[in-house]
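Participant: Encoded as structure tokens, here's the structure I'll be asking about.
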Amino acid sequence: QVQLVESGGGLVQPGGSLRLSCAASGSIFSGYFMEWYRQAPGKQRELVAGIGIGGSTNYAYSVKGRFTISRDNAKNTVYLQMNSLNRAGTAVYYCSARRGSDKYWGQGTQVTVSS
């Protein structure tokens, strides 16, 4: 089993940047496919970015070129660097770990983009 704890959320102005972190514990982190999701008020949770065991990445079209997902297996941590944030980025951001049919979620961290 994997426990996930997100951090790094907060209030940021439009055009600003934030880096989210997700610390994992409880299992072999390097064996999991890691993803970031977000859920805006009144909307469904959506996939933002994912990173594979070998480091391959994928992004939602809406964040491509602005967000970067990375992982540090030595620190059991996955990151989401978010640049050029806009108001559509206001959401609770969740970290997820997936291996086979097993999927684990963190508690989420709030990101608010507002002037």
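Participant: So how do 14-24, 47-57 stack up, highest first, on mean other-Cβ count within 10 Å? Spell out each step's value before the answer.
Facilitator: On the way: 14-24: 17.3, 47-57: 15.0.
Highest to lowest by the protection proxy: 14-24, 47-57.
Participant: Percent of accessible area on the chain owned by carbon and sulfur, 1.4 Å probe? Before the final figure, lay out each step's value.
Facilitator: Numbers: 2790 of 5850 Å².
Answer for the chain: carbon and sulfur cover 48 percent of the accessible area.
Participant: So how long is each side of the chain along the principal axes, counting just the alpha-carbon atoms, biggest first, in Å?
Facilitator: 41, 25, 22
Participant: So if I place +1 on the C-beta of Lys and Arg and -1 on the C-beta of Asp and Glu, and nothing else carries charge, what would the dipole magnitude of the chain be about its Cα centre? I want it in debye, nearest 20. Display every interim value, and only then the final one.
Facilitator: Working: 12 positive and 5 negative charges, 37 e Å.
Rounded to the nearest 20 debye, it is 180 debye.
Participant: Between Lys64 and Ala40, 0.36 nm times their residue separation minus their Cα-Cα distance comes to what?
Facilitator: Extending this stretch completely gives an extra 6.8 nm.
Participant: Also: Positive end of the dipole of the chain, charges at C-beta (+1 Lys, Arg; -1 Asp, Glu), about the Cα centre: which of Val12, Thr77, Ala23 has its Cα farthest in that direction?
Facilitator: Toward the positive end, the furthest listed residue is Val12.
Participant: Under a cut-off of 16 Å between alpha-carbon atoms, report the aspartates and glutamates in cross-link reach of Lys64, not counting same-chain residues fewer than 8 places apart.
Facilitator: Straight-line reach from Lys64, under 16 Å: Glu35, Glu46.
Participant: Give me the accessible area per residue for segment 28-96, probe 1.4 Å, as a whole number in Å². Write down the numbers at each step before the final one.
Facilitator: Working: 3350 Å² over 69 residues.
I get 49 Å² per residue for segment 28-96.
The values are calculated or read from the model by the stated rules, or taken from the named source; none is laboratory data. None of the values given here were measured: they were computed from a predicted structure. Heads up, the Cβs are rebuilt from the backbone with ideal geometry, glycines too, and the neighbour counts pull from every protein chain shown. To get the accessible areas, we keep the full protein, side chains included, count just its heavy atoms, and leave off ligands, DNA and RNA. Shrake-Rupley method; radii C 1.70, N 1.55, O 1.52, S 1.80 Å.
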